[in-house]
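**Q** The structure that follows is given in the form of structure tokens.
The values are calculated or read from the model by the stated rules, or taken from the named source; none is laboratory data. All figures in this text were calculated on a predicted structure; none of them were measured in a lab. Cβ placement follows ideal geometry from the backbone for every residue including glycine, while neighbour counts extend to all protein chains displayed.
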Amino acid sequence: MTNTEISNNNPEKESKSDKETIKAKDIAINKKKVTQSKKVTSPNKSQNKSFDDLFDEIYSELISKKDSLVREIKNLETKKNEINLEIDSNFKGQSDNIAKRVKGFQEYLTGALQNLSQNVEKLELVSQPIVVKPSPLDDKKYEPDKTEIANIPALSETFKPDEQIIRNCLSAFTEQPDFYAEPWKLRRSLNSSDIEIMEDWFFNMGGRGSLESRGSRQKNALLSAGLISILGELYGDQFQTLILASQPERLGEWRRILQDSLGLTRDDFGPNSGIVLFERPEGVIERADRLEDNEELPFIIIDAAETSVEIPILQFPLWLAFAGTNDEIYDDLELN
């Protein structure tokens, strides 16, 4: 019996062999596909890996920059706080030093004014005759028994001829206020203590000197309004009031009170009007000199906040300086 015959006689074996062959082919095809798939996925994985590395690098760089910026911000905030502390400490220190100096000068000025007042009280106000002897250099020969006597009136007698007019005005100030009085007439009333101070200024001080502040700028301005009203009765339009206060706010307060007390308008405050306001003493002195050159009379009023009086002001015949207390001046400095 031949092999062909055997195969033909055994069909089961032949079909089994064919199945194994087909299976082997399928396995080979699958391996080929897997191999190709591995070849395709390999570059994809390497590409994904490069993107991840790049992302990590950028992220780490951003984190580093953020940390650096945070450190710089903290350093700048620290420097800012140090500078603020230094500015605060220096400003407060300077303010304390200025306040101490101002207060010390105020105490010195108060003591000096008190000494000056005591010395003035000790002076003999009775006029003494002055004997003028001829000069040996003079060509003219004077007889020895002839002398020239010059009588200088005492300061307290300056307003002696006008005493009755002044006292009539002071008496009227104690009556009920006249709110409809003519301009430059006092429209308010004064108490007895104000009247006594004004009498002392006229008849003892001769219209020139320092007075103790009444406690506020309003009271000082009201008393000054009474003096301006009386001087207006005596000299008419031949005198001008010059007010010195080194702050615009203080001058504004003076203007409002005088305007209300004397029935004035804004036109009455100006270079060519009845009242002129100054922030610097140089302007007061220059204006007063000009008035005297024109044969007019300046009346200088110095605010209580002024810590000193310029010496040239003392040469003028009418001036009034209010001497404020230490507390009053210090409070006024704080408000401004």
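**Q** For the range 203-221, which residues satisfy the criterion of being closer than 25 Å to Leu264 by Cα, assigned to a helix (DSSP H, G or I) and of a type outside the set (Lys, Arg)?
**A** Gln218, Asn220, Ala221, listed by residue number.
**Q** Looking at Leu314, Leu320, Leu291, Leu262 in this structure, which one is of a type outside the set (Ser, Thr, Tyr) and in contact with a helix residue (DSSP H, G or I) (Cβ under 6 Å, 6 or more places away or on another chain)? Explain how you work it out, then say what you get.
**A** Values: Leu314 fails: in contact with a helix residue (DSSP H, G or I) (Cβ under 6 Å, 6 or more places away or on another chain); Leu320 fails: in contact with a helix residue (DSSP H, G or I) (Cβ under 6 Å, 6 or more places away or on another chain); Leu291 fails: in contact with a helix residue (DSSP H, G or I) (Cβ under 6 Å, 6 or more places away or on another chain).
Just one listed residue meets the conditions, Leu262.
**Q** Tell me the residue from Leu264, Leu314 that is among the aliphatic types (A, V, I, L, M), in the same structural domain as Trp201 (by TED's automatic domain parsing) and closer than 18 Å to Ser229 by Cβ, please. Give the steps one after another, and end with the answer.
**A** Values: Leu314 fails: closer than 18 Å to Ser229 by Cβ.
Criteria check complete, one pass: Leu264.
**Q** So, one more: If I filter the range 198-218 down to residues being of a type outside the set (Ser, Thr, Tyr) and surrounded by fewer than 17 Cβ atoms within 10 Å (Cβ to Cβ), which single residue comes out as farthest from Ile275 (Cα to Cα)?
**A** Per the stated criteria, the residue is Asn204.
**Q** Related question: Can you confirm whether the range 236-250 contains a residue that is over 26 Å from Glu295 (Cα atoms) and of a type in the set (Val, Ile, Thr)?
**A** There is no residue in the range 236-250 that is over 26 Å from Glu295 (Cα atoms) and of a type in the set (Val, Ile, Thr).
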